[in-house]
Amino acid sequence: MAYIDGFVFAVPAADKQVFIDFVHKFDPLMLEFGATRVVECWGDDVPHGKQTDFYRAVEAKDNEVTCFAWIEWPDKATRDAGMKKMMEDPRMDPKDNPMPFDGKRMIFGGFQPVLDIR
């Protein structure tokens with residue numbers, strides 16, 4: 001079964017196209033490093049909760065949209081090797097390829113699927 005990296009982050013609403021352009025440039029690298037699928041999602045119906053929610057998780061500001069993304073890998077070993085390659089690749093230098101959001105407020109993690117219904 002696959003291995004999944006999940007991400008939640010906030011992007012300034014005015015920078016939607018900047019974000020789209022960034023992921024079109026950045027995400028194909030993940031496929032080059034072994035990912036089988038990369039999905040980027042712009043928040044469309046993300047409710048504000050009473051106790052917790054996506055906005056609070058990433059300290060989203062009023063002018064930001066909460067986004068969700070995931071990378072699917074064939075297995076954890078491929079993911080670990082792919083992430084290592086990504087961190088070492090000069091194309092990932094933030095001076096040349098700055099993220100259009102505050103990466104310090106991004107939450108992320110690796111997950112082992114326990115059910116995959118298609």
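Values for this structure:
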| item | result |
| --- | --- |
| Average Cα contact separation per residue, the chain, under 8 Å, 6 or more apart, as relative contact order % | 49 percent |
| Selection of chymotrypsin sites (Phe, Trp or Tyr not before Pro), the range 62-117, meeting DSSP coil and at most 12 other Cβ within 10 Å | none |
| Fraction of accessible area attributable to carbon and sulfur, the chain (%, probe 1.4 Å) | 57 percent |
| Heavy atoms of D5: accessible area, 1.4 Å probe, square angstrom to 10 | 0 Å² |
| Gaussian network model of the chain, springs between alpha carbon atoms under 10 Å - residue of V65, V23, V39 with greatest fluctuation | V39 |
| 222 nm mean residue ellipticity, helices alone, for the chain (DSSP H n ≥ 4; -39,500 (n - 2.57); rounded to 500) | -9000 deg cm²/dmol |
| Accessible solvent surface per residue of the chain, calculated while the other protein chains remain in place, 1.4 angstrom probe, Å² | 67 Å² |
| Partners for K25 among lysines (Cα-Cα distance below 17 Å; same-chain residues under 8 apart left out) | K16, K85, K95 |
| Convex hull volume per residue in cubic angstrom - Cα atoms of the range 47-96 | 136 Å³ |
| Of P100, P90, P74, the one that fluctuates the most in a GNM where the chain has Cα springs shorter than 10 Å | P90 |
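The values are calculated or read from the model by the stated rules, or taken from the named source; none is laboratory data. Note that the structure is a prediction, hence the values are computed from the model and not measured. Reconstructed Cβ throughout: ideal geometry from the backbone, glycine too, with neighbour counts over all protein chains shown. Remember, those area values only see protein heavy atoms, side chains included, never the ligands or the DNA or RNA. Shrake-Rupley method; radii C 1.70, N 1.55, O 1.52, S 1.80 Å.
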